[in-house]
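Laboratory data are not the source of any read-out in this text; all were calculated from the coordinates shown. Just so it is clear, the model here is predicted, and its values are computed rather than measured. Reconstructed Cβ throughout: ideal geometry from the backbone, glycine too, with neighbour counts over all protein chains shown.
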Amino acid sequence: MWALARLRNRTAPPQGADFDGRVTLGALLQPGDDRGRWSAWRAAAVEGYVIAVKEGGIESANCYSLTWRDTHLEVALRPDAPPRERVILEVTPRVREWAKSQGWDWSAPTLSRELVGRWCYFEGWLFFDSGHADEAEHTVPGRARNWRATAWEIHPVTYLKVMR
């Protein structure tokens, strides 16, 4: 559990050699059991439409805090993509604080206002969220309660930019 929390709470932005150039949003959305497709020790740069921005739940990685919570960005290749065609990207409280020190407001309300409906570019660390593998189309195809394409995420996001 602590190893997963450490991966979720990385704060160092990835460097050039950390990026897996094979990872694109399209590649993350490719069907099939993808548990071993990528590495959580690598980073990714993806582009896509932000469909929704939501506050994450209370979780151990954030010491069960009621206020220090991740922000979930639902990203897809088209603005009307259903949940099963979306990838989850997460901005963590630690990275949000770092962004604030850079003069960037990565709060959930600001990200929602600035990103939803827009084509954006993101960088960050890959992470397989095994806690959601049973709710992802790639690992349990056709399951009624699937609300995402894959359990792979960019978590944490360390850079973002609106492209158009």
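A compact table of results
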item	result
Distance (nanometres) between label positions extended 7 Å along Cα→Cβ at residue 119 and residue 9	3.8 nm
Label zone at residue 85 (point 7 Å along Cα-to-Cβ), backbone N below 17 Å, segment 9-35	25-32
Charge dipole (debye, nearest 20) of segment 94-164; +1 at Cβ of Lys and Arg, -1 at Cβ of Asp and Glu	260 debye
Residue range of the chain that is longest and free of chymotrypsin sites (Phe, Trp or Tyr not before Pro) which are both DSSP loop and sparsely packed (at most 11 other C-beta within 10 Å)	65-164
GNM top mover of 46, 87, 75 - the chain, alpha-carbon springs below 10 Å	46
Most mobile of 144, 27, 99 in a GNM of the chain (Cα contacts under 10 Å)	144
Helical mean residue ellipticity (222 nm; -39500 (n - 2.57) per DSSP H run of 4+; nearest 500) of the chain	-4500 deg cm²/dmol
Prolate/oblate/rounded label for segment 27-164 (Cα gyration tensor, a/c 1.5)	prolate
Label point distance in nm, residue 39-residue 134, each placed 7 Å from Cα along Cα→Cβ	3.0 nm
GNM result for the chain, Cα springs below 10 Å: residue of 150, 110, 71 fluctuating most strongly	110
Two-site FRET efficiency, residue 18 against residue 52, from Cβ-Cβ distance with R₀ of 41 Å, rounded to 0.05	0.90
Lys, Arg +1 and Asp, Glu -1 on Cβ, resulting dipole of the chain about Cα centre, debye, nearest 20	140 debye
Residue 144-residue 112 FRET efficiency (beta carbon distance; Förster radius 45 Å; 0.05 resolution)	0.95
